[in-house]
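Okay, so here's the structure we're looking at.
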Amino acid sequence: MKKVLVTGGSGLVGKALEAIIKEQAPSDEQWYFAGSKDADLTNLAATQTLFQREQPTHVIHLAAMVGGLFHNMNNNLDFLRNNLLINDHVLQTAHEQGCVKVVSCLSTCIFPDKTSYPIDETMVHNGPPHPSNYGYSYAKRLIDVQNHAYHDKYGRQYTSVIPCNIFGPHDNYKPEVSHVIPGMINRMHKLINEEPELPESEKVFTVFGSGKPLRQFIYSLDLAELMIWVLRNYESVEPIILSVDEAQEVTIYEVAEAIAKAFNFKGKLVCDTSKADGQFKKTASNAKLRSLLPNYTFTDFEKAIKTSVDWYKDNYDQARK
Ligand code: NDP
């Protein structure tokens, strides 16, 4: 019997994993989804108590201080320290308690700022990250360093996945911390619902920045399926990029258009170029994933956006906003 502990189990990816596991219900696996109410993982004693209580054999480690461009830019020290603490406590406690596998989460936004494209798994440590999120990036990169060190010293199979930008139900819509998609969903919902006397065709939705940066977005339910596959089948300490194909990259403006379509928004979209764009692109290659899972089909972007927008409208009262 595998006992799988998911840290960060109450977040965007954790909820997607829970939804997939509920559908599949494997008989030889027991899953526990822990949020910060179960344990503050910046606290070592609390982390140890959680592991002693749940006795996991496997861990999917998602818990992290997570945020969009603007939240990162203003809080690099907190991103660095909180994530260093969380990661060290989880990995060391997993090791001490004999967990056979840990799958942790890096991100494509931690890669070197100056790089060739597409980026791949071998390039994580090849140069400084973008200055906007160096705290988050270095803390995440050290997970990979630590995984190798546990392997070298103890033969542990602790590995990591590198997702591109993620979106889906249960995202974090708080304006001060949100990533681009939940941020736009929240702002468009507000715009549509405020000033009901104003015809929608006269409302203007502002896209932050030039709208030109390119991004790959993965639907949280697709990522959850792939992470479960990694937990069960991927036997390497080296990280693996979990991303849609390069051809599925979209501009930020196209994201705004897809969200407007999902809301059936009748107003205008304008770009505010006084706001930061962040990295222009961070195109990632999923060739390694494709070599192992050539036939995996990602959910259509517009369809996944529509599901995510509908989830937000249907769950507005309980959404993190
Ligand atoms: P969320 O912000 O939705 O969830 C974060 C999770 O971490 C929550 O369950 C939260 O618990 C938990 N958490 C935060 N701080 C602590 C703490 N001190 N102690 C215990 N738990 C804590 O994040 P996502 O689901 O989006 O991210 C999951 C992983 O994926 C992260 O490692 C992130 O870095 C990575 N990632 C995310 C991307 C994205 O676009 N969202 C892109 C690439 C990688 P609670 O809510 O109960 O407080």
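Of note:
- Filter result (more than 10 Å from the ligand (Cβ to nearest atom) and of a type in the set (Asp, Glu)) within the range 152-181: ASP152, GLU176
- Candidate set from the range 91-111 (those that are assigned to a loop (DSSP other than H, G, I, E, B) and open to solvent by 10 Å² or more (accessible area, probe 1.4 Å)); member that is nearest to the ligand (Cβ to nearest atom): SER107
- Annotation: of all residues in the range 51-64 being assigned to a loop (DSSP other than H, G, I, E, B) and open to solvent by 40 Å² or more (accessible area, probe 1.4 Å), the one that is farthest from the ligand (Cβ to nearest atom) is THR57.
- Taken across the range 183-192, residues that are over 20 Å from TYR253 (Cβ atoms), charged (D, E, K, R) and touching a strand residue (DSSP E or B) at 6+ places or on another chain (Cβ under 9 Å) do not occur at all.
- Residue in the range 25-48 that is out of contact with any strand residue (DSSP E or B) (no Cβ under 9 Å at 6 or more places or on another chain), outside any helix (DSSP H, G or I) and more than 13 Å from the ligand (Cβ to nearest atom) present: yes
- Test: residue in the range 191-204 that is within 16 Å of the ligand (Cβ to nearest atom) and in contact (Cβ under 8 Å) with a residue 24 or more places away in the chain: no
- Members of the range 141-170 found to be touching a Lys or Arg at 6+ places or on another chain (Cβ under 8 Å), open to solvent by 10 Å² or more (accessible area, probe 1.4 Å) and not in a strand (DSSP E or B), listed by number: TYR150, PRO169, HIS170
- Extreme residue, nearest to GLU121 (Cα to Cα), among residues of the range 293-313 that are within 22 Å of the chain's Cα centre (by Cα) and surrounded by fewer than 13 Cβ atoms within 10 Å (Cβ to Cβ): THR297
The values are calculated or read from the model by the stated rules, or taken from the named source; none is laboratory data. Computed from a prediction, not measured in an experiment: that's the story for all the values here. Because the Cβ atoms are built from the backbone with ideal geometry, glycine has one as well, and the counts that use them run over all protein chains shown. Side chains are part of the model used for accessible areas, which takes the heavy atoms of the whole protein and leaves out ligands, DNA and RNA. Shrake-Rupley method; radii C 1.70, N 1.55, O 1.52, S 1.80 Å.
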